[in-house]
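*Asks:* Handing you a structure now.
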Amino acid sequence: MGRPRYIWGAAAVAAAGLSAALVFQGTTGQPTGNAEGDSKPGPVKLHARTAALTTTDRGTHAVMGRQDTESFSMLGITWTDPSARLTGTIEARTRAVGSGQWSNWLRLDGDSGQGEATARRGGTEPAWVGPSDGVEVRVTADGRTSAKLPAGLRLDMIDPGRGSSGGMEPAGYRADVTEDATPTTEPSEAVTSEPPSADASASDDASAGLTGSPTPTDPAPASETPSPSATSPTPASPSASPSATVPPAPPSTAPRPTITSRATWGADESISPEEPSYLPGGRIKAVVVHHTAESNDYACADAPAVVRGIYAYHVKQLGWKDIGYNFLVDKCGTIYEGRKGGVDQPVMGAHAYGFNSETTGISVLGTYTDVTPSQAALASVAKIAAWKLGQYGVDPAGTTTLTAGADGTNYFRKSWTKGAQLSYPTIHGHRDGYNTQCPGDQLYTKLPTIRSWAAGPVTGLAIKSVNAAGVSGTTYYTKAGTTVNWTAATPSSLISKHELLVDGKSVATVSGTATSAKATLAVGTHKVQVRATHQSGKTTTSAAATVVAEITDPSFTTKPNLALRTGTVNTTAVPLKLSWKATDNAALKQVKLTSPVTATYGPTTISTNRTAKSGTATTWSLTAYDQAGNTGRASVPGTPVILQETSASKFGTWTTKSATSYLGGKSYTSKSKNASLTWTFTGRSVAWVVSRASTSGQAYVYVDGKKTATVDLKSSTTKYRDAIWTKTWSSSAKHTVKIVVVGTSGRPTVTTDGIVYLK
C-alpha cells in the first residue's frame, strides 16, 4: 500500500553471522481445486516458512547471508510488536529457481500498518519475488526516529501454491537458534460482525493502513481488455455468505464489473474462519486507492498466486483476520475479490488506518512509485469505484467528510486527532489519510483520471475520420453511404453506448466498445456528431464535423490535349506536353494519369511534360477524382512522326553531314542566304529539329505560307536533335512548314534534322 515515512539510503552492512532456524510454519488448506488451471476452483495449498534474524551492532543492524531455501515466491520481514514501525533500510535479494541468478537488492517498506486491532505481529509489506530458492537480507535502523531495530525480527517466506498436489518439504537449512513461528490463531477483530445498521455511528477504527515500497521496473505492456489469466474472471458470489439478517445489497447507479471470486483465485477459507465485519454506518463514503508495493514483473497469469501470497502474509504471518484490501486489481485489469463478506456489501477492510469504518480499499498489484500503471488497471479501479460508490449515491468526482477513528498524520504532514472531521475526495490515495507513499507517485497522479472515468461523462470524444471520404480543410466529402470513426479518452469499458448524430438526429446506435458507425446521408451538407453515454448515464456530444454528401462525377472542362514541346528528340522519346482542366461541383481531389504510364496530380495541376515513341500510336488516359470518391474519365490519342530533312523540298545549296548524333545519322546544313526547306504534313502539332553551336545562325519560319518566327540557332553549348520551335493547332489538318536561311553575318550556318509532327 505504501512506503514508510522515512526511507534513507542503504547503509553498508558488515557481514555478520546468521543465528536462525528456518521453520515449517504450516500447510494450509486442502487441494480441492487449482485456481490456476483446474476446471473447479477451490482452495490452493499455501506454504510458509520463517527464519529468525539476529541483530548486531547493539541492535542497529541485522543480516542474513545467502542461504538456500525451499521454493517460495513472496517474502516479508516481520517483528514481534505489531504497533512498532521499522523506519530504516530493509533490503532483500533472491535467487531465481532454475537460473541460479541473484536479483538486485529489493527495498521493502518498513510498515504494513497496524492491520487488525489484535494483529499478532508488525511487518513490512510483502514483496512478490517470483519462484526463488535462495535469499539474502540486510536491515539497518535509520538512527533518527528509531535508534534500534524492533525485537523479534524474522524473514517470512511464502509459497502461494500452484497446484492440487505436493506439500513443501521442511527447510533446507537449520542454524543455532529457533523461534516458534506458528502462533495459535486468535480472534483478531474487535469490530462486530453483526449486519450494518443504517444509523450506526462511526467506530474507533484501529485497522491500519498498509504500506508498500517501490521496486522500479519497466511497465509491463497491457491493453484495456484484461489478458486471460490462469484464472478466468467470473462473476463473484460472496465468498462468505453474510448473515441472513444482513440487508440486501443496495442497487448501484453503475454496472457491476466482472470480479474474480475468492474461490476462483484459490482462497483457503480455513485460515480465516472469522465472520466478516461490516461498516458500522452501513454505507461506503469513499474509496481508498493503494498499490501493493510489489514487483511489476509478475505475469498476469501469476496474479492469483500474488493475491494468495498477500492473503497468506496478512493472515498467517501478521495475524490479521483476512486479507486487508476489499478488492485487488492486476496490471491486465482483472479485478479480484479481497476481504470476504460479499463484494456487494459494505465489508470492513483493514487498509486505511483510522478510516476503515467508512471506506472500501482497492489495491493495484505492483509498485507505482516510478512505473506508470496500465490503462487496463486504471479502468478497472474506476469501474469498481463507480460501482461501490454508486450503491450509496456517492459522486466519484465529489468530496466527502470522514471521521478519524484514530490520531494520524498523512504523507503531506497534515495531522489530526481521533474524532476529527476531515474532507477527502471520494476517491483518494492512501497517502491522503496515512503517512505513506502509497499508492506511489505515478498512480497517485492518475487519481484525477480515475475520478473522471468513474464519474463520467466521457472525455476526449472526437470524430477521427470519415471512411470513403476525402477532407478539404475541415470539411469531409463523401458519397451517400459512409462510416464515421471516433476516439475517446475514457476507456470503452466505461461507456454504455455511442450514437451517430446527423443534423442533430440519431441515425445509428452502437455499443460502448465500438469506435465507428455507418450512415447513409442525403445529398447535401450535414453536421455529423457522436454522442457517448457513460455508464453513469451522463452524455457527451463531440464537436460537429461538416460532411458533404455528393454523387456528381467531376468533369474535364478542358479535354486532354497533346502538343509537341521543345527539348531533345529521340526516336524512342519525342517530347510532349499533356494538358487538361478538371473541375467538380463540390471539391476536386486529384487527377491520375492511368495510361500509358501512371502518375497522380493535385487538383490545381493542369499539365505534365512527357515523352512518346516515334511512330507509335498512344492513348493518354486521365481520371479525375473528387473528395467524395466520384470519378470522371477522359483520354486523348496521339502519334508523333519524324520527317527527316531528306523528305523536304530543297531550295538553294544544302550539304549533307553524317554523324551518329543526327537523327538517322545524317542532317542538312547550309550557309546560303535564302536557302530553304519545305515539309508538308497532316497533324495538329509540329516541332522543328536542329543542331546548334556558337557559330549557328538564324532562320525564318513560315507556316502555311506566312512568316511566323525568326529563330536563332546560336548556343553556347553544342546541341543535337534539338526541337527549337513548335506550333500547335486545335485540330488536325494539312500544313506546310518552310525554313529559310537568313545568312547571319559571321555565323550564317543552319543545320537541321527535319521536323516532328503529331497526328
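*Asks:* Just give me the residues in region 605-620 being assigned to a strand (DSSP E or B), within 30 Å of residue 548 (Cβ to Cβ) and either open to solvent by 30 Å² or more (accessible area, probe 1.4 Å) or touching a helix residue (DSSP H, G or I) at 6+ places or on another chain (Cβ under 8 Å) (or both), in sequence order. Break it down into steps so the answer makes sense when it comes.
*Replies:* Residues of region 605-620 that are assigned to a strand (DSSP E or B), as a first pass: 607-612, 618-620.
Filter again for within 30 Å of residue 548 (Cβ to Cβ), leaving 607-608.
Within region 605-620, just 607 meets the criteria.
*Asks:* So which pairs qualify, if the first residue must be in region 714-729 and of a type outside the set (Phe, Trp, Tyr), the second must be modelled with pLDDT under 95 and outside any strand (DSSP E or B), the Cβ gap must be under 6 Å, and the two must be at least 6 apart or on different chains?
*Replies:* Short answer, once both residue conditions are applied: 721/663.
*Asks:* Among the residues in region 290-303, are any of a type in the set (Phe, Trp, Tyr) and modelled with pLDDT of 95 or more?
*Replies:* Within region 290-303, the first condition is being of a type in the set (Phe, Trp, Tyr), and the residues that meet it are 298.
Going one step further and asking which of them are modelled with pLDDT of 95 or more, we end up with none.
Within region 290-303, none of the residues are of a type in the set (Phe, Trp, Tyr) and modelled with pLDDT of 95 or more.
*Asks:* Looking at 358, 274, which is the one that is of a type in the set (Asp, Glu), under 25 Å from residue 418 (Cα atoms) and open to solvent by 10 Å² or more (accessible area, probe 1.4 Å)?
*Replies:* Values: 274 fails: under 25 Å from residue 418 (Cα atoms).
It is 358.
*Asks:* Are any of the residues in region 690-698 more than 17 Å from residue 749 (Cα to Cα), among the charged types (D, E, K, R) and over 60 Å from the mean Cα position of the chain (by Cα)? Reasoning before the result, please.
*Replies:* Residues of region 690-698 more than 17 Å from residue 749 (Cα to Cα): none.
No: zero hits.
*Asks:* A further question on this structure: Run residue 20 past the list (1) open to solvent by 10 Å² or more (accessible area, probe 1.4 Å); (2) among the small types (Gly, Ala, Ser); (3) farther than 30 Å from residue 301 by Cα; (4) modelled with pLDDT under 60 and report the number of the one that doesn't hold.
*Replies:* Among (1) open to solvent by 10 Å² or more (accessible area, probe 1.4 Å); (2) among the small types (Gly, Ala, Ser); (3) farther than 30 Å from residue 301 by Cα; (4) modelled with pLDDT under 60, the lone unmet condition for residue 20 is (1).
*Asks:* Still on this model: What number of residues within region 374-409 are in contact with a Ser or Thr (Cβ under 6 Å, 6 or more places away or on another chain) and among the polar types (S, T, N, Q)?
*Replies:* Matching residues across region 374-409 total 5.
*Asks:* Does residue 471 satisfy being without any contact (Cβ under 8 Å) to a residue 40 or more places away in the chain, open to solvent by 20 Å² or more (accessible area, probe 1.4 Å) and either touching a strand residue (DSSP E or B) at 6+ places or on another chain (Cβ under 9 Å) or of a type in the set (Val, Ile, Thr) (or both)? Reasoning before the result, please.
*Replies:* Working: without any contact (Cβ under 8 Å) to a residue 40 or more places away in the chain: no; open to solvent by 20 Å² or more (accessible area, probe 1.4 Å): yes; either touching a strand residue (DSSP E or B) at 6+ places or on another chain (Cβ under 9 Å) or of a type in the set (Val, Ile, Thr) (or both): yes.
Against the criterion (without any contact (Cβ under 8 Å) to a residue 40 or more places away in the chain, open to solvent by 20 Å² or more (accessible area, probe 1.4 Å) and either touching a strand residue (DSSP E or B) at 6+ places or on another chain (Cβ under 9 Å) or of a type in the set (Val, Ile, Thr) (or both)), residue 471 does not qualify.
*Asks:* Which pairs have Cβ atoms under 6 Å, sit 6 or more apart or on different chains, and link a residue in region 575-602 that is part of a loop (DSSP other than H, G, I, E, B) to one that is open to solvent by 40 Å² or more (accessible area, probe 1.4 Å)?
*Replies:* From region 575-602, the pairs are 585/552; 587/472.
*Asks:* Filter region 562-604 down to the residues that are under 45 Å from the mean Cα position of the chain (by Cα), over 12 Å from residue 620 (Cα atoms) and open to solvent by 70 Å² or more (accessible area, probe 1.4 Å) and list them by number.
*Replies:* Result: 585, 589, 600, 604.
*Asks:* Do we have residue 610 as basic (Lys, Arg), out of contact with any Lys or Arg (no Cβ under 6 Å at 6 or more places or on another chain), within 23 Å of residue 486 (Cβ to Cβ) and modelled with pLDDT of 95 or more here?
*Replies:* Numbers: basic (Lys, Arg): yes; out of contact with any Lys or Arg (no Cβ under 6 Å at 6 or more places or on another chain): yes; within 23 Å of residue 486 (Cβ to Cβ): no; modelled with pLDDT of 95 or more: yes.
Judged against the criteria, residue 610 is not a match.
*Asks:* From 377, 397, 385, 462, which residue is of a type in the set (Gly, Ala, Ser), touching a residue at least 12 places away in the same chain (Cβ under 8 Å) and touching a Leu at 6+ places or on another chain (Cβ under 9 Å)? Please lay out each step first, then the result.
*Replies:* Details: 397 fails: touching a Leu at 6+ places or on another chain (Cβ under 9 Å); 385 fails: touching a Leu at 6+ places or on another chain (Cβ under 9 Å); 462 fails: touching a Leu at 6+ places or on another chain (Cβ under 9 Å).
None of the others qualify; the one that does is 377.
*Asks:* Only residues that are within 19 Å of residue 116 (Cα to Cα) and either in a helix (DSSP H, G or I) or under 26 Å from the mean Cα position of the chain (by Cα) (or both): list them for region 292-318, please. Walk me through it before giving the result.
*Replies:* If we filter region 292-318 for residues that are within 19 Å of residue 116 (Cα to Cα), which is where we start, we get 292, 307-318.
Those that are within 19 Å of residue 116 (Cα to Cα) and either in a helix (DSSP H, G or I) or under 26 Å from the mean Cα position of the chain (by Cα) (or both): 292, 307, 308, 309, 310, 311, 312, 313, 314, 315, 316, 317.
*Asks:* Which residues, counting only those in region 330-355, are on the phi > 0 side of the Ramachandran plot and either open to solvent by 10 Å² or more (accessible area, probe 1.4 Å) or modelled with pLDDT under 95 (or both)?
*Replies:* Passing the criteria: only 354.
*Asks:* Cβ-Cβ under 6 Å, sequence separation 6+ or interchain: first residue in region 630-645 and farther than 30 Å from residue 469 by Cβ and of a type in the set (Ser, Thr, Tyr), partner at pLDDT 95 or above and open to solvent by 10 Å² or more (accessible area, probe 1.4 Å). Which pairs?
*Replies:* Every condition considered, the pairs that remain are 639/617.
*Asks:* To continue, here is another question. Select from region 583-640 the residues that are on the phi > 0 side of the Ramachandran plot and among the charged types (D, E, K, R) and list them in ascending order.
*Replies:* Listed by number, the list is empty, since nothing qualifies.
One line per residue, one yes/no per condition, for (1) closer than 30 Å to residue 42 by Cβ; (2) open to solvent by 10 Å² or more (accessible area, probe 1.4 Å); (3) part of a strand (DSSP E or B); (4) at pLDDT 90 or above:
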position	(1), (2), (3), (4)
93	no, yes, yes, yes
107	no, yes, yes, no
120	yes, yes, no, yes
139	no, no, yes, yes
143	no, yes, no, no
165	yes, yes, no, no
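*Asks:* Something else: Which residues, counting only those in region 709-759, are hydroxyl-bearing (Ser, Thr, Tyr) and open to solvent by less than 70 Å² (accessible area, probe 1.4 Å)? Write out each step before concluding.
*Replies:* The initial filter retains those residues of region 709-759 that are hydroxyl-bearing (Ser, Thr, Tyr), namely 710, 715-718, 720, 726, 728, 730-732, 736, 744-745, 749, 751-752, 757.
Correct list: 715, 726, 728, 731, 732, 736, 744, 749, 751, 752, 757.
The values are calculated or read from the model by the stated rules, or taken from the named source; none is laboratory data. Values in this document were obtained by computation on a predicted structure and should not be read as measured data. Backbone-built Cβ (ideal geometry, glycine too); neighbour counts: all protein chains shown. The protein model used for the area step is the full one, side chains on, heavy atoms only, and it has no ligands, DNA or RNA in it. Shrake-Rupley method; radii C 1.70, N 1.55, O 1.52, S 1.80 Å.
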